[in-house]
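Q: Below is the structure I would like to discuss, written out as structure tokens.
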């Protein structure tokens, strides 16, 4: 079992920033929202923009962890059933795809809806886009199939 002080050192950057592993980001987010809601109701204060940014980052990390878990779960089950490692394929979310393509998330969703960019729906609002398919689209868009 690891020592809490050692874990804290690994999760703290030199500038004092704390790294929240994606696997626990959802739990941390829920705890913070519960506490902030109670505090705002009690004293009528507002949540600062800095806190809002942290909450948004935690939400994004929790969504990515959810996508990662749902995408890798079939491979994990297959590997444990056969005793071999199953091949995995990297996926990206809509925001990551938009950043890589230099476009809006709306445009990426439009490409998915039009069938021009293959993606799998994971959860209610999250899309998992195969990284290889995204790279193929990025490097071959505008070229007609010969």
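Coordinate-derived values only; no laboratory data. Just so we're clear, the structure is a prediction, and the values are computed from it rather than from any experiment. Because the Cβ atoms are built from the backbone with ideal geometry, glycine has one as well, and the counts that use them run over all protein chains shown.
Q: Cα convex hull of region 89-146: how many Å³ per residue? Show your work: numbers first, answer last.
A: Numbers: hull volume 4.9 nm³, N = 58.
Roughly 84 Å³ of hull volume per residue.
Q: Could you work out how much longer the chain between residue 90 and residue 104 gets when fully extended? Use 0.36 nm per residue separation minus the Cα distance between them, nm to one decimal.
A: On the way: separation 14, 0.36 × 14 = 5.04 nm, distance 2.11 nm.
The residue 90-residue 104 span can extend by a further 2.9 nm.
Q: Okay, next question. Nearest 0.05, what FRET efficiency do residue 114 and residue 49 give at R0 = 35 Å with Cβ-Cβ as r? Present the calculation step by step, with values, prior to reporting the outcome.
A: Values: r = 36 Å, r/R0 = 1.03.
Working from the Cβ atoms, E equals 0.45.
Q: A further question on this structure: Within 10 Å, count the other beta carbons around each residue, average over each peptide in 10-16, 93-99, and list them highest first. Working shown, then result.
A: On the way: 10-16: 8.1, 93-99: 18.4.
Top to bottom by mean Cβ count within 10 Å: 93-99, 10-16.
Q: Can you give me the distance in nm between label points at residue 41 and residue 126, each placed 7 Å from the Cα along the Cα-to-Cβ direction?
A: Roughly 2.8 nm, to one decimal.
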